[in-house]
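These notes concern the structure reproduced below.
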Amino acid sequence: MSNNHDILAEKFDEVWRLLKSEGVRGSVIVAAAIHDDILKQILSAHLVPCNDKADYLFDGPNAPIGTMAARIDLAYRTARISSQLRQSLHIVRKLRNDFAHLSSPIDFDDTSVRDRTKHLLDLNRSFIELIWLKFRPVIFEAAGVIGSPDIYKDDVVTDMLEYSGYRQTFEIWASAVAGGLAEIYAETESLKEYKGKPK
């Protein structure tokens, strides 16, 4: 159990440091890419190993699991992730598309980005509360908030957004999810190739 906790904590720290070093646009795109990459690892690890140079399920223009959307849905349908995480990852994917494809400048002050981020946090309210209560002093310190109150004054999501801001709150959540996905990957067992009689 402690090993899994170590995986989550190490991945959280690695991803959070990486996201903080990026610009606003890069932070969202990199967060989605990390989630997508771990989903691919989870799904690939759960399947019979592919001996081909390129795995046709994941790679190539017609790959059936070649997109983040497909990987999210298959991870959910194979019980690798919950329905709540499925919805959350689709929001991250949509945020990534907004940041990657819009030619005009976009950041966390945009109404659409704030709305998506708030929806993401509301979906994960109990998770956010756990993070906020446990890591609040560290988060405040990283955000440069001096003399922060010991207890949140209102709703936990509103409080976190007020003190950490939309971007940092998104990055904390994304880093924690990356840690959780890394745990799932570590626990994933591969299927064995069928060796029985032809059916």
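Values in this text are rule-based calculations from the coordinates and carry no lab data. These numbers come from a predicted model, not from an experiment. Don't worry about glycine lacking a Cβ; one is built from the backbone with ideal geometry, like all the others, and counts go over all protein chains shown.
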Hull volume per residue for region 57-119, using the convex hull of the C-alpha atoms, in Å³ is 83 Å³
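Quick one: putting +1 on the C-beta of Lys and Arg, -1 on the C-beta of Asp and Glu, what dipole do you get for the chain around its Cα centre, in Debye to the nearest 20?
Numbers: 25 positive and 29 negative charges, 175 e Å.
Roughly 840 debye for the chain.
Please say if region 1-66 is rounded, prolate or oblate, where rounded means a/c under 1.5 for a ≥ b ≥ c the square roots of the C-alpha gyration tensor eigenvalues, and otherwise the choice is prolate for a/b larger than b/c and oblate otherwise?
Numbers: a/c = 3.64, a/b = 1.39, b/c = 2.61.
Oblate.
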In a shell of Cβ-Cβ distance under 14 Å around Arg114, excluding Arg114 itself, what net charge do Lys and Arg (+1) and Asp and Glu (-1) give? -3
For region 21-120, state which chymotrypsin sites (Phe, Trp or Tyr not before Pro) are in a DSSP loop and have at most 16 other beta carbons lying within 10 Å of their beta carbon. Tyr56
The chain, relative contact order [Cα under 8 Å, separation at least 6], %: 39 percent
Along each principal axis, Cα extent of the chain, largest first, Å: 69, 45, 27
Could you pull out which residues in region 28-47 have an amide N less than 19 Å from a spot 7 Å beyond the Cα of Ala100, following the Cα-Cβ vector? 28-44
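Check each of the trypsin sites (Lys or Arg not before Pro) in region 1-109 and keep only those in coil by DSSP with at most 14 other C-beta atoms within 10 angstrom; list them in order.
On the way: sites: Lys11, Arg17, Lys20, Arg25, Lys40, Lys53, Arg71, Arg77, Arg80, Arg86, Arg93, Lys94, Arg96; in loops: Lys53, Arg80.
Answer by residue number: Lys53.
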Point-to-point label distance, Arg25-Lys118, nm (Cα→Cβ direction, 7 Å offset): 2.6 nm
